[in-house]
Structure formats: C-alpha cells, structure tokens
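S.K.: Below: one structure in structure tokens.
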Amino acid sequence: MKNRIRIIRNAIIAVLFTSLVSCNVLDVELPSVISGNSFWKTEEDVKAAIQGMYTYLREVDEELFVLGESRAETSGLNASGSSGGYDIYFNNTLTSATVGVSWKPFYSLINSCNLIIKYADGIDFNSQADKNYYLAQAYVMRAYAYYVMARSWGDLIIRTEPVEGTDPKVLYKERSSVEDVFTLIKSDIDKSIELFADHPSSGAPASGRIYWNKPAANALKGDVYLWTGKRLSEGEKDFTIALNALKEVKQPGVDLITDFGKIFDVSNKFNSELLFCAHYQKDERNNNFYWHTWLIQAGVPGNIDEETRNTLFPTGSGQSLTAPTRLLVDSYDPDDTRKAGTLYEIYTYGEDGSREYYQSVCMKGKGLVEAGQRYFMSHVILYRYADVLLMMAEVKNALGMDPSDEINQIRKRAYGENFGKHVFVSGSKEYNDEVILKERLLEFAFECKRWWDLLRFDKAFDLVPSLQNKKGKDYLKLFPISDDLLSKEPMVKQNPGYDD
C-alpha cells in the first residue's frame with residue numbers, strides 16, 4: 001500500500017510540475033489530467049494527494065523565512081558583507097522590481113488543498129472519520145497559507161475551487177479585502193477543528209507532528225484571532241476566542257521539553273514541544289532555508305580555535321547569505337541558555353592572543369552531520385508549545401489579565417538554576433507587552449516569526465534599525481507585488497506605496 005501511495009504521489013507531483021512550468025497565472029497547476037475522471041477514485045488517491053500537499057508546504061520554506069524573519073532585527077549581513085540579494089530585506093529597501101519573493105508558491109499549495117476538498121468528499125472511505133481527518137488537514141493547510149499571505153500582502157485573490165482549466169474568467173481575478181480573507185481563514189480553521197473531532201491521529205502523536213493535527217489547528221486559531229484582535233481592531237471578542245483556542249492545545253503528549261537546544265536536534269525531531277513542522281529528511285530533500293544561515297566553507301577564517309572549527313565543519317551546502325545580527329547576539333542575558341541553542345559566536349585570534357568577534361551562525365538549523373557531510377534537514381517548526389504559552393501571555397495581557405504564569409514557564413527553562421534572578425512580575429499593560437515581545441525575540445529568533453511579531457505589537461519602526469528613519473511609511477509593513485507577477489495578473493493592482 002505504501003509503495004502504491006508513493007508511486008501515485010510522485011506521479012501527481014510530476015504532472016503538477018509540468019503544469020507549473022507552463023502556467024503563467026499564480027503559478028498554480030492546471031491539473032485537468034488528474035481531475036475527477038482520471039485520478040480521484042479511491043481512498044489511496046486521497047492519501048497520495050495529502051502527501052503531495054505537504055510536499056508543496058515543504059517547498060515554501062525560503063518564502064517563510066523571507067516573509068516572517070528577514071526584515072526584522074534578527075537577520076543581517078555575514079562577515080564578508082555578501083548576501084546574495086538578501087540585503088534588500090535586511091535594509092528594508094524592497095521594490096516591485098527587486099522583491100524576489102512571491103505569493104505564487106502559496107497559491108500552488110492552496111490549489112492542492114482545493115483539489116482535495118473538492119474531490120475527497122465524493123470518494124468512499126472505509127471510515128468516515130478517516131475521510132474527515134484528511135479533509136481537516138486540507139482545510140487547515142489552506143487557512144495557514146492564506147494567513148501567511150494576508151500578513152505579507154494584505155488583500156488577496158480568494159480561490160476556494162481548484163484551477164482545472166484555462167478559462168480567463170477563472171484564471172484572472174481581482175483581490176478581495178483582507179477582511180474577507182480573514183473571514184475565510186477563520187471559517188476554514190473552524191471547519192478543520194470540527195472535522196478532526198476525536199480522530200485517533202488528530203491529537204499530535206509522535207509521528208503526527210509533521211501533519212496538521214487538532215492541537216496545531218487550535219494554535220493557528222489562537223494566532224489568527226490574536227492578529228485580528230490587534231491588527232484588524234477586533235479587540236476583546238477576538239482576544240477571548242484566541243485565549244479559548246490556545247487553552248485547547250495543552251493535552252497529553254504536548255509540553256515544554258527541559259533542554260531548549262534539544263528542540264531542534266535532528267535526533268529529537270518528534271519531541272513533545274513540537275505541534276506542527278515542515279518535515280525534511282535525508283534522501284528526500286536534504287536542505288532547507290537554514291543553509292543560508294551557515295557559513296560557506298570559503299568564508300570560515302583560518303585563525304579560529306579548535307572548538308569553533310569542530311562546530312562549523314563540515315559546512316556542507318552552507319550559503320552564508322545571512323547571519324544573526326550583533327543586536328540579537330547582545331540581547332541575551334549571560335544566564336539565558338537559549339543563546340547557545342540559537343546561535344554560535346565565532347571569534348578569530350591574533351598572534352598575540354587577542355580575540356575579535358567575526359560573526360555568528362544559527363544553531364537551530366545546523367542539521368545532520370553524517371559521513372563527513374552536513375545536511376540541513378532540521379524541521380522547519382511552524383508551531384511549538386512555547387509559542388502557545390507566549391501567545392497566551394500576550395492575549396491575557398490584552399484582556400487585562402496577569403500573564404506571569406506563562407512567561408515564567410518559559411523563563412524557568414531558559415534560566416535553569418538562575419531562574420530566581422529572572423522571575424517575571426506583572427506590571428503595566430505596556431510593560432508586560434514589552435517583556436513578552438522581548439521574550440519572543442529570545443525564544444523564536446530564526447523561526448520565521450519575528451517580523452510578524454513586530455507588526456502585531458506595532459513595534460517594527462521602533463526596533464528594526466533599518467526602519468527607524470522611515471517612521472510614517474506604513475506601506476512598508478506589507479511586501480510589494482513583483483513586477484513579474486503583475487505582468488501576468490492584469491486584474492491585480494500594486495500595494496499602495498510601491499506603485500510610484
């Protein structure tokens with residue numbers, strides 16, 4: 001059975017890739033060759049399509065980093081000053097001609113969800129609960145994809161049906177308001193949670209952490225309603241819904257683990273802190289965006305100590321396009337164990353024994369070293385339980401409640417035996433928000449969250465050095481739509497501010 005699924009899945013991806021190359025619209029597939037009559041017949045076909053959906057998720061890893069992290073204060077130039085074009089993100093100098101990142105791969109992911117939603121319901125399954133379980137994953141994946149895009153581009157083209165032909169009336173559409181997009185996102189999440197119900201695989205079992213599950217869907221729900229409570233001014237109503245959803249995440253098998261660094265260890269990929277991850281595995285896809293955060297071999301200086309050499313080598317396919325900023329490095333208290341789990345500082349040594357800071361590398365994605373080669377196949381973590389705790393702290397503070405318990409759970413692990421010196425005591429709402437945002441910096445650096453955190457707290461123009469002299473240019477909170485995409489989308493207009 002597994003071989004059959006693998007064969008079908010690979011055939012789907014091959015066909016969709018062929019369509020992808022020839023399609024000029026949103027980079028979505030034109031999968032008429034695998035529509036109802038030729039593919040969607042059995043439960044195994046749906047399972048194969050689900051695997052294909054997760055393959056599309058895995059392919060947007062670099063987009064997630066660019067959209068969610070690269071414009072924040074965490075990411076900057078490496079020691080050599082080269083960036084492969086990433087400097088436009090660090091420096092927040094985006095234009096429609098240079099932006100690079102696009103929504104096209106997210107619409108490819110959405111199209112795969114739409115195919116499953118359209119066809120799976122008409123297929124006989126041995127168990128209705130199993131059918132619901134697969135449909136739940138498609139609905140929540142679609143919600144997640146739209147959520148990423150809504151925070152990045154605002155108004156969006158809404159597609160809830162698969163693109164299966166070349167009718168211009170279907171292919172070319174105007175964008176809908178971001179409010180309408182969030183209405184769809186919220187509806188999809190609720191539908192997903194309803195469909196997950198009490199299915200045995202919906203509760204984040206060990207192997208299930210690479211598949212959407214009910215705790216992860218509730219984490220996404222809390223995230224979405226926290227965003228709309230703040231950014232769309234939905235206020236207390238949405239904060240209350242967010243808090244209730246986040247409370248639903250905690251269940252057997254979901255908890256913080258003791259050692260922060262072990263969260264990201266490739267030998268510990270299914271630990272209890274993880275809720276949902278994009279999965280990478282040797283001989284499937286060996287590298288993800290974390291290779292951009294590791295030094296290229298030619299960039300390793302010769303005058304380093306043995307410990308540093310052993311840490312950095314082998315460098316594998318390290319690209320050295322970005323590095324943790326000195327601002328991030330200096331943000332950690334000496335007692336904070338998260339620093340060692342997040343980054344490694346590189347120093348060079350002079351002949352006189354003097355030591356000079358060179359740069360840092362990100363340790364969260366250091367990957368697997370095997371047979372003298374490094375594979376950047378760490379999970380790309382989309383949700384983990386620490387995120388839930390700090391979102392709960394944030395929403396409690398927004399509701400005028402005390403966020404101390406959640407913050408101190410995070411700090412207790414971070415500071416270990418020194419926790420007594422770092423116990424959080426609630427203060428004013430403004431003070432608490434400042435602490436929570438700082439805690440999220442220390443906890444989630446290089447996990448594709450920081451830019452959106454800054455926007456949610458409305459602090460991007462205060463805390464990102466490259467934006468501090470651009471206050472008032474609020475259009476910079478969104479990304480421009482690339483000239484290339486606009487040339488293929490006659491009904492899509494550029495985001496205001498980028499249309500000069």
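The values are calculated or read from the model by the stated rules, or taken from the named source; none is laboratory data. Since this is a predicted model, take the numbers as computed values, not measurements. Cβ coordinates were reconstructed from backbone atoms using ideal geometry, including for glycine residues, and neighbour counts include every protein chain displayed.
S.K.: Within the range 89-97, can one find any residue that is in the same structural domain as Ser127 (by TED's automatic domain parsing), under 21 Å from Leu463 (Cα atoms) and among the aliphatic types (A, V, I, L, M)?
M.R.: Yes: one or more hits.
S.K.: Something else now. So which of Ala398, Ala414 is in contact (Cβ under 8 Å) with a residue 24 or more places away in the chain and in contact with a Ser or Thr (Cβ under 9 Å, 6 or more places away or on another chain)? Give the derivation first.
M.R.: On the way: Ala398 fails: in contact with a Ser or Thr (Cβ under 9 Å, 6 or more places away or on another chain).
The match here is Ala414.
S.K.: Among Tyr280, Tyr332, which is the only one that is within 26 Å of the chain's Cα centre (by Cα), under 25 Å from Lys269 (Cα atoms) and among the aromatic types (Phe, Trp, Tyr)?
M.R.: Numbers: Tyr332 fails: under 25 Å from Lys269 (Cα atoms).
It is Tyr280.
S.K.: Among the residues of the range 256-298, which ones are on the phi < 0 side of the Ramachandran plot and charged (D, E, K, R)? Walk me through how you get there before you give the answer.
M.R.: Restricting attention to the range 256-298, the residues satisfying the condition of being on the phi < 0 side of the Ramachandran plot are 256-282, 284-298.
Answer for the range 256-298, where residues must be on the phi < 0 side of the Ramachandran plot and charged (D, E, K, R): Asp259, Lys262, Asp265, Lys269, Glu273, Lys282, Glu284, Arg285.
S.K.: Given the criteria hydroxyl-bearing (Ser, Thr, Tyr), assigned to a loop (DSSP other than H, G, I, E, B) and over 11 Å from Tyr146 (Cβ atoms), does Thr160 qualify?
M.R.: Judged against the criteria, Thr160 is not a match.
S.K.: Just to verify a result, which residue in the range 269-303, among those that are aliphatic (A, V, I, L, M) and touching a Lys or Arg at 6+ places or on another chain (Cβ under 7 Å), is farthest from Pro314 (Cα to Cα)?
M.R.: Initially, the range 269-303 is screened for residues aliphatic (A, V, I, L, M), giving 274-275, 278, 295-296, 298, 300.
In the following step, the residues that additionally are touching a Lys or Arg at 6+ places or on another chain (Cβ under 7 Å) were identified as 274-275, 278.
On the way: Leu274: 27, Leu275: 30, Ala278: 24 Å.
Going through the qualifying residues, I end up with Leu275.
S.K.: Has the range 428-439 got at least one residue that is in contact with a helix residue (DSSP H, G or I) (Cβ under 9 Å, 6 or more places away or on another chain), more than 21 Å from Glu73 (Cβ to Cβ) and at pLDDT 95 or above?
M.R.: So the first thing to find is which residues in the range 428-439 are in contact with a helix residue (DSSP H, G or I) (Cβ under 9 Å, 6 or more places away or on another chain), and the list is 429, 432-433, 435-437, 439.
Those still in the list that are more than 21 Å from Glu73 (Cβ to Cβ) too: 429.
Pick out the ones that are also at pLDDT 95 or above and you get 429.
Taking every residue of the range 428-439 in turn, at least one turns out to be in contact with a helix residue (DSSP H, G or I) (Cβ under 9 Å, 6 or more places away or on another chain), more than 21 Å from Glu73 (Cβ to Cβ) and at pLDDT 95 or above.
S.K.: Which members of the range 160-181 meet the condition of being under 16 Å from Lys104 (Cα atoms) and touching a strand residue (DSSP E or B) at 6+ places or on another chain (Cβ under 6 Å)?
M.R.: Arg175
S.K.: Taking Phe479 as meeting all but one of (1) within 27 Å of the chain's Cα centre (by Cα); (2) surrounded by fewer than 21 Cβ atoms within 10 Å (Cβ to Cβ); (3) not aliphatic (A, V, I, L, M); (4) not in a helix (DSSP H, G or I), write down the number of the exception.
M.R.: Failing condition for Phe479: (2).
S.K.: Turning to a different aspect of this structure: Can you work out which of the residues in the range 225-254 that are outside any helix (DSSP H, G or I) and either basic (Lys, Arg) or at positive phi (or both) is surrounded by the fewest Cβ atoms within 10 Å (Cβ to Cβ)?
M.R.: Once the filter is applied, the top-ranked residue is Ser233.
S.K.: Mind checking which pairs have a first residue in the range 267-286 that is of a type outside the set (Asp, Glu) and a second that is assigned to a loop (DSSP other than H, G, I, E, B) and loosely packed, with under 15 Cβ neighbours inside 10 Å, Cβ under 7 Å, 6 or more apart or different chains?
M.R.: Here the result reads Ser272/Gly253; Ser272/Asp255, each pair linking the range 267-286 to a residue that is assigned to a loop (DSSP other than H, G, I, E, B) and loosely packed, with under 15 Cβ neighbours inside 10 Å.
S.K.: On to the next question. Restricting the search to the range 425-444, which residues are farther than 18 Å from Val388 by Cα and either aliphatic (A, V, I, L, M) or in contact with a Lys or Arg (Cβ under 6 Å, 6 or more places away or on another chain) (or both)? Can you show your working first?
M.R.: Residues of the range 425-444 that are farther than 18 Å from Val388 by Cα, as a first pass: 425-431.
Once the filter is applied, which keeps residues that are farther than 18 Å from Val388 by Cα and either aliphatic (A, V, I, L, M) or in contact with a Lys or Arg (Cβ under 6 Å, 6 or more places away or on another chain) (or both), the range 425-444 yields only Val425.
S.K.: In the range 307-332, what residues are in a loop (DSSP other than H, G, I, E, B), under 19 Å from Phe65 (Cβ atoms) and among the hydrophobic types (A, V, I, L, M, F, W, C)?
M.R.: Selection gives Leu321 alone.
S.K.: How about the range 172-199: which of its residues are surrounded by 14 or more Cβ atoms within 10 Å (Cβ to Cβ) and touching a Gly at 6+ places or on another chain (Cβ under 9 Å)?
M.R.: Matches in the range 172-199: Arg175, Val178, Val181, Phe196.
S.K.: Name, by its number, the condition in (1) of a type outside the set (D, E, K, R); (2) crowded, with 22+ Cβ neighbours inside 10 Å; (3) free of Cβ contacts under 8 Å to residues at least 40 places away in the same chain that does not hold for Tyr144.
M.R.: Only one criterion is unmet by Tyr144, namely (3).
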